[in-house]
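Just so you know, all these numbers are worked out from the coordinates, no wet-lab data involved. Worth saying up front: this structure is predicted, and the values here are computed from it rather than measured. When we count neighbours, we look across all protein chains shown, and the Cβ atoms used for this are built from the backbone with ideal geometry, even at glycine.
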Amino acid sequence: MLDKLAGIEARYEELDRLLSDPEVTANYTKIAEYSKERSVIERIVEGYRDYKRQLQELEDARALLDAEEDADMQEMATSEIKELETSTEALADSLKTMLLPKDPRDDKNVIMEIRAGAGGDEATLFAGELFRLYVRYAENRRWKVDVEDLKEQDGGGVKRVEFEIKGKGAFSRLKYESGVHRVQRVPETESQGRIHTSTVTVAVLAELDEVDVNLNMNDVKVDVFRSSGAGGQSVNTTDSAVRMTHLPTGIVIEVQDERSQLQNKERAKQILLNRLFEIEEERQRAEQEAERRGQVGSGDRSEKIRTYNFPQNRVTDHRINVSSYNLPAVMDGEIDEFIDELATRAQAEKLSAG
């Protein structure tokens, strides 16, 4: 870990030098690039420098203890050493966490889908309540909510709702909400007071990346040939038509509409870029849909990640075995208790795996 931290500090110092270089300061793109990289590692470097400083203080305190003969001074030095050992260990743990690979999707906006599962009308009613829960959570964090698709049920329920939440770190918080949410309560229509169990599925997807297609012309075979025409003066007597074959995908584009070979090449290149753009866009959508299906499962009652038990005023997250006995507050968007613990467990698992 220390070698990695030393390398990060060296890069930070190099970035400082680069940002004061006149050649760099004249290039806005480079300034933005280096400034962004510097801001990403600045907190790690500050923590590492604090850690090195405390290690030195700890070493000095131990040397002082070894040289000290006065009992009172030895006691003071021993107490200081214990405090420094505790704080140094805490700093080391913090640095380990900062060095964990970050989910590149964490800062993205999210697309959420809530769908009524097993339980009929009661499931649709709870789907509507979960939707309100996440809207309230977003509002409390000053995130923006845009509803993209809403299918309501007679009686106030929601069969399905898809909405986007826009805000910094939205995915990092809400990604833990995907799965089957189970509700246990007595429906208003239940005359004998029996508790019914229903489910709602929640899918949480990171906003798709903007598609950026880079066309390497080394991957493209270009053939030229004579344009076909109706005869007479309009017949093209030069090899102005162009056929482009994109070798990695096998896409073939032919253009002979323009009058010159150069114009046809540019037109073919643009059409090829558009086709590659569509393919990449479709690939991302397919991956997102596969992820959505994997998150929600079948919606069966046994697949629950969290149970909302109204008679007992209890919400239990089964992944971390944590319960809250303030169900109204949870339904009003206060779910950070669960999210914080889920994030902490996820970090601990990464640390133990590393």
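Taking one equal scatterer on every alpha-carbon of segment 2-99, how large is log10 of I(q)/I(0) by Debye at q = 0.11, 0.13, 0.20, 0.23 1/Å?
-0.49, -0.60, -0.93, -1.07
Looking at the chain, send over the antiparallel percent of its DSSP beta bridges, to the nearest 5.
Values: 47 of 52 bridges.
Bridges in the chain that DSSP calls antiparallel: roughly 90 percent.
Tell me the relative contact order for the chain as a rounded percent, counting alpha carbon contacts under 8 Å between residues six or more apart.
Numbers: 521 pairs, mean separation 52.4, N = 354.
That works out to 15 percent.
Identify all lysines with a Cα-Cα distance to residue 269 below 20 Å; exclude those on the same chain that are fewer than 8 residues away in sequence.
Answer for residue 269, where 20 Å is the Cα cut-off: 221, listed by chain and number.
Which of rounded, prolate, oblate describes segment 71-120, given a ≥ b ≥ c as roots of the alpha-carbon gyration tensor eigenvalues and a/c under 1.5 marking rounded, otherwise prolate only if a/b is larger than b/c? Let's see the in-between values first.
Details: a/c = 7.31, a/b = 3.05, b/c = 2.40.
Note, shape of segment 71-120 comes out prolate.
Would you compute, from DSSP H runs of 4+ residues alone, the mean residue ellipticity of the chain at 222 nm, taking -39500 (n - 2.57) per run and dividing by the full residue count, rounded to the nearest 500?
Values: 9 runs with 175 residues, N = 354.
Per the formula, -17000 deg cm²/dmol.
Which of 331, 76, 217, 244 has the fewest other C-beta atoms within 10 Å, and how do the rest follow up to the most? Each step should come with its number before you reach the end.
On the way: 331 18, 76 15, 217 11, 244 22.
Arranged by neighbour count, lowest to highest, 331, 76, 217, 244 become 217, 76, 331, 244.
In what order do 35, 20, 178 fall by count of nearby beta-carbon atoms within 10 Å, going from fewest to most?
Values: 35 13, 20 9, 178 22.
Listed from fewest to most nearby Cβ atoms, that is 20, 35, 178.
Could you list 314, 259 so that the one with the fewest beta carbons within 10 Å of its beta carbon is first and the one with the most is last?
Details: 314 16, 259 12.
Placing the least packed residue first, the sequence is 259, 314.
Given 36/166; 30/96; 144/175; 52/82, which pairs have Cα atoms separated by over 19 Å?
Working: 36/166 22 Å; 30/96 30 Å; 144/175 17 Å; 52/82 17 Å.
Result: 36/166; 30/96 exceed 19 Å.
One quarter of the convex hull surface, Cα atoms only: what value does that give for the chain in nm²?
Values: hull surface 127.0 nm².
In nm², the orientation-averaged hull projection of the chain is 31.7.
Based on the alpha-carbon gyration tensor of segment 24-70, what equivalent-ellipsoid semi-axes (square roots of 5 times the eigenvalues) come out, in whole Å, largest first? Intermediate values should be presented prior to the final figure.
Working: eigenvalues 367, 15, 4 Å².
Semi-axis lengths for segment 24-70 are 43, 9, 4 Å.
If you take the charge dipole of the chain about its Cα centre, with +1 on Lys and Arg Cβ and -1 on Asp and Glu Cβ, which of 92, 256, 29 is farthest toward its positive end?
Towards the positive end, the residue furthest out is 256.
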